[in-house]
Each structure stands twice: as structure tokens, then as C-alpha cells.
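Below: one structure, written as C-alpha cells.
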Amino acid sequence: MTEETMTTQGSEATTLIYQQLTTTLHRVRPWWHRWGPLVVVALVLGTAITVSDIYYYAGGSNLAGFAQVNRISAAKFGLQRQAIDSNIGYDGQFYFFLAYAPESILINCKDTTSPLCAVSVGGKPELRAERIFYPMTVRVLALGQLALIPLMLLLVNVFAILIVAELIGQMAVAAGRSRWWGAAAALFCGMTFGLLRDLADPYAVMWLVLAVFLLRQERWRWAALAGAAALLTRESLIFLIPLLAIPLLAQRRWLLLAQFAAIAFVPFIAYQIVLHSLFGTWALQSGDSSAAHLVPLPFAGFWHERRQLDFSLIALGVVLPLAGVIGIAILDIVRRGWRTLLSDPVPLSVLLYGVLLSFTYWFQWADIWGPSRLAAPAVVLGTLGVMNLPWAQWRIAFMTLMGMSAIIPLILIQR
């Protein structure tokens, strides 16, 4: 075989490989455009969970380590192997206990066997018990297998974040934008932080986004049902859900408005009454009094904590995205006119919730775990306004900021 023949055959082989590769890419491209955002979100979440799992196993725990179960409360159930090396733990443990033993809601704090009282803020279990929908969903999906509860706490939030990515992506496509906006919203650091501590925030945001998605399709009763689920998951969304009914009020559709209000709020009010009858106080008034204070200037609480280790990461991953969606909500209202709020209340919802959060007390800004999760509803919904900006540079800048926010949980995995 001559050198010329070998060169010719090599060239033909290269051409054939290139053609096959091009054909494959053409076939894969539609699939990637449709499912790529969800694949990327799943890979990022899987990486975060894997790294966290290695850390928790290294500490002698297991999947329950994500819930940060304290050893004192765990011992009351004989679950010492599920506990971390701490007498305090973190908020995820209350969802773990509610899923593991729902009857613990009925144990008053005067009985020291209640796991909701051992380390609950101010000894007020009603504060934990009012966020009931996430642990009850976990309990149902575990099919009575208590050993599956730690896994289900994770999986419910994983699928919640994927659903957020899908719904925001669909709304982006409907607005003529890329489906990748869904991935950007879902990977906001507050969503991942909620996942890594078995907290209710990702699940609550999923129901909120679903309510907005259904609202835009004018499926009002289903939107109200999603709103009811959101309120029973995270009571702080009481500042957002009522605003979704503004179009019904503007259109004077009184019967549908009454139905929306009944479906969205009656379950929440009824459960609040049940908790009041059990504990003698209103759950909505049982938060940490210091955390409930407001500061005189926006983000003054954040600035108060400027010497904390997480300060720069909070600024990058929480304050900038939150301030961005607040500013863009104001711009959207000015640019399109306030009357557009009568048909699309999302900008007003983002603005009011975001501004209220900016006035929260320093206690909420002590580390990145708290403010990032509290900011998630505003930032995730705020992407709907950002994607509609006519200036590509602004959209790209915000997408870049969200990308940087997504990697912060991987940096702080051991905190």
C-alpha cells in the first residue's frame, strides 16, 4: 500500500466519521433543546448530593444526615444512628420527625418526649407543625416504610426543583425565550441549600410556580389548589398567594374569586385553627421574635453581618439576584404601566416580597442558608420578568449571576 493510498483512505475515514458525527448531532440537537436543561439541573443536584453524602458519611451519619437530626431527639425514637454529632441539629430534623411520627404534633411541649419541642425555637412546636405538607408528602410516598423517609425527603425536593425548571422553561418558551431560563431559576442557590438540609423551601416554591403557571392558563381553581399546597408547605408565602387573585378582582369575577379564596385559604385557616386548639397559640405568631423584627433600611440586616464569613457569598448569591429582580420588577411596572398588574400580578408579587425580605432583621442574614432560601420565591418568580427584558445584555448578565449562584452550595457543602 502506497503512502498516497493510505492518505486517501485516511481522508475518507475522517470524512465518514465527521459525517456520522454531524448526523448524530443533528438527531440529538432537538432532544437536547427539549431536555438539556433538566439534564443539567439533575447533574448539578446529583453532584451536590453526592459530595454532601460523602461528607455526612464521613461524619458517621447516613442519608438522615441531610436533615441534621440532633442526637438528643433521635434518642427518643431509638434513632441514634440517624443523628449527627450535635445536640442542636438544623431545621430539616423537624420535617424528618413529622414524617417519621406524625403523632408528635399531638404531644404538647409540657411532655418532654416531643421531638418538636426539644430544640424548637422557643419551645413552640406549632411553628414547625404548620409546615405540614412536605413531611406528609414524604410519609405517603414512603408507603409506610420508615427506613425510606430519609431518601424520600431528598427525592421530593429533587423532583420539586426539576418541576420548577420544567415549568419556568415552558413559560419561557411561551414568551419566546430559551428553555434554559428554567434551569437558571431552578439552580438558584436557595433551592439547592433547601435540598441539602431536607427543608420545605424547594417544595413550596414548586407549588408557587405551579400556581403561576396555571394562572397564566386561566385555570383558576387548579391554581388555587396549588396555592393551598404552597401555604401548607411554607406559611411565609401568605404574602404572595393572595396577590395571584388580582386579575379576578380586576375583572370583577366575584364567584370565581370567592372559589379561589375558599380553595386557597380555607385549608390553611382550618389547619391554623387546629394548631391553635392543640397548643393554645397561633402558629403564625410563633416565630422567633428577634427574627421577626424589621430594620429601618433595605438590606441593613445584611450589612450588619458584614464581618461574617459568608458575607461576600451572600452578596453574590443572594443580595445581587434579589436586588436585581426587585429593580427589574419596578422597571417592568414602569415600562409596561401599572395597569398590566391587573392581568399579570407576578411583578408586584416579586416586588412586595423582595422588598419585605430586604428589611428583615440581621438574624436572618447570619449565614447563607437562611436568606438564600427565603429569597428563593422572589428570585425564581423574578426570572419571569428578567427574561422579558428587551435588552439582551441585561438578560445575559442576570443569567451569568444565576450561574455563579448555582455553584455556591458546592463551595459551602460542609457548613
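Test of understanding: among Asp310, Asp332, Asp344, which residue is charged (D, E, K, R) and farther than 24 Å from Arg216 by Cα?
On the way: Asp332 fails: farther than 24 Å from Arg216 by Cα; Asp344 fails: farther than 24 Å from Arg216 by Cα.
After ruling out the rest, the residue left standing is Asp310.
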| task | Look at region 206-235 and say how many of its residues are without any contact (Cβ under 8 Å) to a residue 24 or more places away in the chain and not in a helix (DSSP H, G or I). | result | 3
| query | Is region 118-128 home to any residue that is touching a Cys at 6+ places or on another chain (Cβ under 7 Å) and at pLDDT below 70? | reply | yes
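The rows are residues; the columns are (1) modelled with pLDDT under 95; (2) crowded, with 21+ Cβ neighbours inside 10 Å; (3) more than 13 Å from the chain's Cα centre (by Cα).
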{"residue": "Val164", "(1), (2), (3)": "no, yes, no"}
{"residue": "Met171", "(1), (2), (3)": "no, yes, yes"}
{"residue": "Ala186", "(1), (2), (3)": "no, yes, no"}
{"residue": "Asp201", "(1), (2), (3)": "no, yes, no"}
{"residue": "Val212", "(1), (2), (3)": "no, yes, yes"}
{"residue": "Arg221", "(1), (2), (3)": "no, no, yes"}
{"residue": "Thr233", "(1), (2), (3)": "no, yes, no"}
{"residue": "Phe239", "(1), (2), (3)": "yes, no, yes"}
| task | Run down Trp207, Trp181 and say which single residue is of a type in the set (Phe, Trp, Tyr), buried (at least 24 other Cβ atoms within 10 Å of the Cβ) and within 17 Å of Pro345 (Cβ to Cβ). | result | Trp207
| Failed item, numbered, when Tyr90 is tested on (1) modelled with pLDDT of 80 or more; (2) touching an Asp or Glu at 6+ places or on another chain (Cβ under 9 Å); (3) assigned to a helix (DSSP H, G or I); (4) more than 30 Å from Arg177 (Cβ to Cβ) | (3)
| In region 359-371, the residues that are under 22 Å from Val209 (Cα atoms) and either crowded, with 22+ Cβ neighbours inside 10 Å or hydrophobic (A, V, I, L, M, F, W, C) (or both) | Trp369, Pro371
| said: Please verify whether Pro347 is surrounded by 15 or more Cβ atoms within 10 Å (Cβ to Cβ), more than 28 Å from Phe66 (Cα to Cα) and out of contact with any Pro (no Cβ under 8 Å at 6 or more places or on another chain), treating the condition exactly as stated. | reply: yes
| Which numbered condition trips up Ala160, out of (1) of a type in the set (Gly, Ala, Ser); (2) at pLDDT below 90; (3) part of a helix (DSSP H, G or I)? | (2)
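Considering only residues that are within 21 Å of Leu231 (Cα to Cα) and touching a residue at least 60 places away in the same chain (Cβ under 8 Å), which ones fall in region 370-412? Give the derivation first.
First, pick out the residues of region 370-412 that are within 21 Å of Leu231 (Cα to Cα): 370-382.
Matches in region 370-412: Pro371, Ser372, Arg373, Leu374, Ala375, Ala376, Pro377, Val379, Val380, Leu381, Gly382.
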| So which of Val334, Val379 ends up being more than 25 Å from Asp198 (Cβ to Cβ) and either at pLDDT below 90 or assigned to a helix (DSSP H, G or I) (or both)? | Val334
| Conditions: (1) among the aromatic types (Phe, Trp, Tyr); (2) surrounded by 18 or more Cβ atoms within 10 Å (Cβ to Cβ); (3) under 22 Å from Pro135 (Cα atoms). Phe260 meets all but one. Number of the miss? | (3)
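The values are calculated or read from the model by the stated rules, or taken from the named source; none is laboratory data. Predicted model, so just to flag it, every value in this text is computed and none were measured. In this analysis, Cβ positions are derived from the backbone assuming ideal geometry, glycine residues included, and neighbour counts consider all displayed protein chains.
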